[in-house]
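Beneath this line is the structure, given in structure tokens, with notes to follow.
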Amino acid sequence: MPDTAVTLAFGDGDYRFWLGLPQVVELERKCGDKAVFAMYDAMGAGLGIDGTAPVYLGGGSAMVTEIRETIRRGLLGGKTGMVDGAEIEVGPQTARELVESYVFPNRRWSRVCTSLGRFYTQRSWASA
């Protein structure tokens, strides 16, 4: 796996996130052919850093679909997680269930954005 993958606490465990070219192409398609770099800028506009931790400051122009799909595609690209000490495989169904359970509207927006901020500030976006 490329060195841009990151492992982050998310939902019920620790999951690997990675956006490779296949995930980026599908993300752009799913989000109305919006460029991944435009999504990156829109998501980052509402985030700040408090010490070393990302925080949601409000604002930003990212759409909910862009945020949900970025997290889902990152989970699919990462392929694995660790839950209760056991490694699990993350496929389409698991990624969908994680997003449904742990991303807005089922979790507070500020918590989702803080999770996204950890993803955003790490090296999980594939280099072009």
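The values are calculated or read from the model by the stated rules, or taken from the named source; none is laboratory data. Small disclaimer: the values here were computed from a predicted structure and weren't measured. FYI the Cβ positions are ideal-geometry reconstructions off the backbone, even for glycines, and counts take in every protein chain you see. To get the accessible areas, we keep the full protein, side chains included, count just its heavy atoms, and leave off ligands, DNA and RNA. Shrake-Rupley method; radii C 1.70, N 1.55, O 1.52, S 1.80 Å.
Rounded to whole Å and ordered largest first, report the semi-axes of the equivalent ellipsoid of region 14-97 derived from its Cα gyration tensor (root of 5λ). Write out the running numbers ahead of the final one.
Values: eigenvalues 108, 68, 19 Å².
Each semi-axis is the square root of five times an eigenvalue, giving 23, 18, 10 Å.
Provide Glu89, Glu26, Glu97 ordered by accessible surface of protein heavy atoms (probe 1.4 Å), highest first. Could you put the intermediate results ahead of the total?
Details: Glu89 150, Glu26 55, Glu97 95 Å².
Final ranking, largest accessible area leading: Glu89, Glu97, Glu26.
Considering region 51-91, what Rg and Dmax in Å follow from its alpha-carbon atoms?
When restricted to the Cα atoms of region 51-91, Rg and Dmax are 14.1, 38 Å.
Quick one: length gained pulling Asp3 to Ser101 fully straight, 0.36 nm per residue minus the C-alpha distance? Don't skip to the end; give the middle numbers.
Working: separation 98, 0.36 × 98 = 35.28 nm, distance 2.80 nm.
Gain in length upon complete extension: 32.5 nm.
Obtain the nm distance between the two label points defined at Thr65 and Glu26 by a simple spin-label model: each point lies 7 Å from its Cα along the Cα-to-C-beta direction.
Here the answer is 1.7 nm between the modelled labels.
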